[in-house]
């Protein structure tokens, strides 16, 4: 224990983070970061409360399990400082570092990095802030230069991606694609099966039976990969005349006028990623990355010609038959699935709906693991498909009995609201105030830079770069304020659903409850934030439902009216 000279002990949290890309590219090591932080803590006389790691998480978001743990510990009090090796380990966005400093400072905790340049004085904070913005600007410039460099290579007809499409490989200079016959033979086999009318599932099964591995070496191909391969223009031959309207004259001059070429597109899509968290139904959080794709205007697309192999008639026939097979896929939606969107496999993947129709007079409806269904039972998940008639009556018997006990609904919904408030809306008022203050600071900086340029203290180019950084921070602050509003709206929605359940559904007589349609039952389940998970014993139901509490769970034996067969199949339930 360090000597504190009669003062309260100085307690520190050590925080280390590395994303997968960073570790692969620059050799960042969590162990190395923690070792450096321990040495610093010993030198400064800090008592280490906890070492917190965030492996594989980007610094572009604060939605990280380790950072959530840090913020919870600081909020509980008794933490003197949070230590990180570099400032960008805390976040790559200066505005997020500002938010953390504001949040921690109100609880008497400091934010420190071993590469801090300043001190606690206003001048020191200004120095760190300026250098953070410069580092962000340099990263943005590097990304922009990289993007423009790749676009230039594409316009020159050179390969852009370091990974070749299946059926191709990079040439010796790594600037063009050439046919890789062992894989292209497989591609042709897939197109011929599609042209014969086989769907992606049948193609997947045949490839698996023949031992043909996927591009990543898996014994099973994902059906979406097969679909995208069939639709990819890199495999569809184009004539010299068709290519001439898509590429630059110097690229066209290198092509054979009598030849045919596939097209590898560059700059067709804009991909953005957002990290977020959601309740996992067990009192914790699930961390996910939401990927959104938007199409750029067609005039911005860049075509890179590549060698052609397949006959054009074969490619067009395969695509035509694939489109015909797609027509019957949505018929199952006519059924009112009571648990659509509410079933989650024990492997963590959501469960989807489907049906089989072995005979005209027989049809069976199932909930199946999305991953296992995609891999047609050839993946690692062993969860069997569950007949809708097996699970839906059990869940409804359970829920309808609880709806007759308004107090249990009230307690469960209040517990869910409290949990959401603690996990999702941490100090939302303080965060909103911090982001509002950041917006005001952006306006002041913008005006100050404009005054400096008018006085001849900086060039127009320097002013433009400064303004660009300010506008990025401003957009981030506005986005965070909007996210806080969404969270508040979610809390209000939970409260409205609680009141609606108490005032409407719980007052219905048993006959009225039993007459609800599947769609109406699904609405009730969503209001209760229900999640149903199959287990070896039967099913586990999570959400806002409670019986008598026993160490955070509830037993169905406490709910009147539940039959013994239901009790055998649904255990435990309602984690809150």
Give the separation of the Cα centroids, region 148-214 to region 58-100, in Å. 43
FRET efficiency for residue 459 and residue 292, using Cβ-Cβ distance with R0 set to 35 Å, rounded to 0.05: 0.40
Per residue and in cubic angstrom, what volume does the convex hull of the Cα atoms of region 11-116 have? 87
With a cut-off of 12 Å, note down the residues of region 292-318 whose backbone N falls inside the zone around a label point 7 Å from the Cα of residue 254 toward its beta carbon. 304-307
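Work out how much length residue 239 to residue 170 would gain on full extension: take 0.36 nm times their residue separation and subtract the Cα-Cα distance, in nm to one decimal. All intermediate terms of the calculation are to be shown ahead of the outcome.
Values: separation 69, 0.36 × 69 = 24.84 nm, distance 2.26 nm.
My answer for the length gained is 22.6 nm.
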How would you rank 444, 372, going from fewest to most other Cβ atoms within 10 Å of each one's own Cβ? 444, 372
To the nearest 0.05, the calculated FRET efficiency linking residue 268 and residue 69 through their beta-carbon distance, R0 being 35 Å, is 0.30
Tell me, in nm to one decimal, what length is gained between residue 414 and residue 47 on full extension, where the rule is 0.36 nm per residue of separation less the Cα-Cα distance? 128.3 nm
Across bins of 5 angstrom width beginning at 0, how are the C-alpha pair distances of region 57-115 distributed, in whole percent? 4, 20, 31, 30, 13, 2
FRET efficiency for residue 443 and residue 478, using Cβ-Cβ distance with R0 set to 22 Å, rounded to 0.05: 0.95
What's the exposure ranking of 19, 320, going from fewest to most Cβ atoms within 10 Å? 320, 19
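For a quick check: sort 51, 299, 44 by the number of other beta carbons within 10 angstrom, fewest at the front.
On the way: 51 18, 299 5, 44 13.
Fewest to most other Cβ atoms nearby, the residues stand as 299, 44, 51.
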If the viscosity is 1.306 mPa s and the temperature 10 °C, what translational diffusion coefficient in µm²/s does Stokes-Einstein give for region 159-254 when Rh comes from Kirkwood over Cα pairs? 106
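Every number in this text was worked out from the coordinates using simple rules, so none of it is lab data. This one's a predicted model, so the numbers in the text were calculated from it and none came from an experiment. Neighbour counts are summed over all protein chains in view; Cβ atoms, including those assigned to glycine, are modelled from backbone coordinates with ideal geometry.
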